[in-house]
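Participant: Before I ask anything, here is the structure I am working with.
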């Protein structure tokens with residue numbers, strides 16, 4: 001029996017990732033109605049993988065049904081973001097604990113440590129650019145934190161956070177450049193976290209990641225309402 005290439009999981013995942021990028025980067029805007037046919041034409045594929053991808057996006061809370069007219073891009077949910085940051089602080093605290101212990105005990109591979117160092121350098125470069133772009137900064141932020149998850153060598157944490165990063169990135173895209181020098185402060189904090197992790201300083205690393213995420217969560221809770229109100233005006 002032959003199966004369409006477009007029905008294969010890896011192809012559906014490609015379409016899914018492309019649509020996530022479009023949502024995160026604001027190419028598909030909150031409240032915008034989307035139809036399978038239009039998305040299929042835009043991506044140059046049939047409707048089948050688009051249909052599967054939209055179901056996955058609905059499960060993740062990134063799109064929602066609008067009846068016969070298809071689906072629309074879900075708005076950013078402030079309450080969800082607040083709860084997400086609280087859960088994230090606990091999960092990433094555990095990830096940093098595991099990562100730091102693995103380095104201290106000689107269990108982390110040089111490649112895993114290098115991945116964290118490269119992610120940090122990439123982010124600082126994006127932050128220090130003459131005209132830093134918001135997508136580059138947000139993607140670099142996600143890359144840094146994902147390097148920490150892999151260094152922790154806990155696939156459950158990595159998988160749980162993978163489903164949440166699109167929500168985090170949407171929030172960051174809305175608020176990252178809106179007040180003060182947030183990127184510079186964020187990457188200074190990332191540098192301190194990476195230094196403590198690589199030095200095997202467990203308590204210091206955990207304290208730094210907790211303060212970093214508490215600050216980020218408070219910033220989002222304070223700044224998102226004005227952004228969301230402006231979008232509805």
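Participant: Have a look at 191, 200, 217 and point out the one that is in a loop (DSSP other than H, G, I, E, B), in the same structural domain as residue 137 (by the TED database) and surrounded by 15 or more Cβ atoms within 10 Å (Cβ to Cβ).
Facilitator: 200
Participant: Could you run through segment 51-75 and say how many residues are surrounded by fewer than 16 Cβ atoms within 10 Å (Cβ to Cβ), touching a residue at least 24 places away in the same chain (Cβ under 8 Å) and on the phi > 0 side of the Ramachandran plot?
Facilitator: Looking only at that region, the number is 1.
Participant: Further question on the same structure: So in segment 171-188, with the set limited to residues that are in contact with a helix residue (DSSP H, G or I) (Cβ under 7 Å, 6 or more places away or on another chain) and part of a loop (DSSP other than H, G, I, E, B), which one is nearest to residue 144 (Cα to Cα)?
Facilitator: Only one residue tops the list, namely 176.
Participant: List the number of the failed condition for residue 112; all other conditions in (1) at positive phi; (2) assigned by the TED database to the domain that holds residue 189 hold.
Facilitator: (1)
Participant: Of the residues that make up segment 173-182, is at least one outside the structural domain of residue 28 (by the TED database), modelled with pLDDT of 95 or more and surrounded by fewer than 17 Cβ atoms within 10 Å (Cβ to Cβ)?
Facilitator: Checked segment 173-182: no residue is outside the structural domain of residue 28 (by the TED database), modelled with pLDDT of 95 or more and surrounded by fewer than 17 Cβ atoms within 10 Å (Cβ to Cβ).
The values are calculated or read from the model by the stated rules, or taken from the named source; none is laboratory data. Computed from a prediction, not measured in an experiment: that's the story for all the values here. Here Cβ is always computed from backbone atoms with ideal geometry, including for glycine, and neighbour counts include all displayed protein chains.
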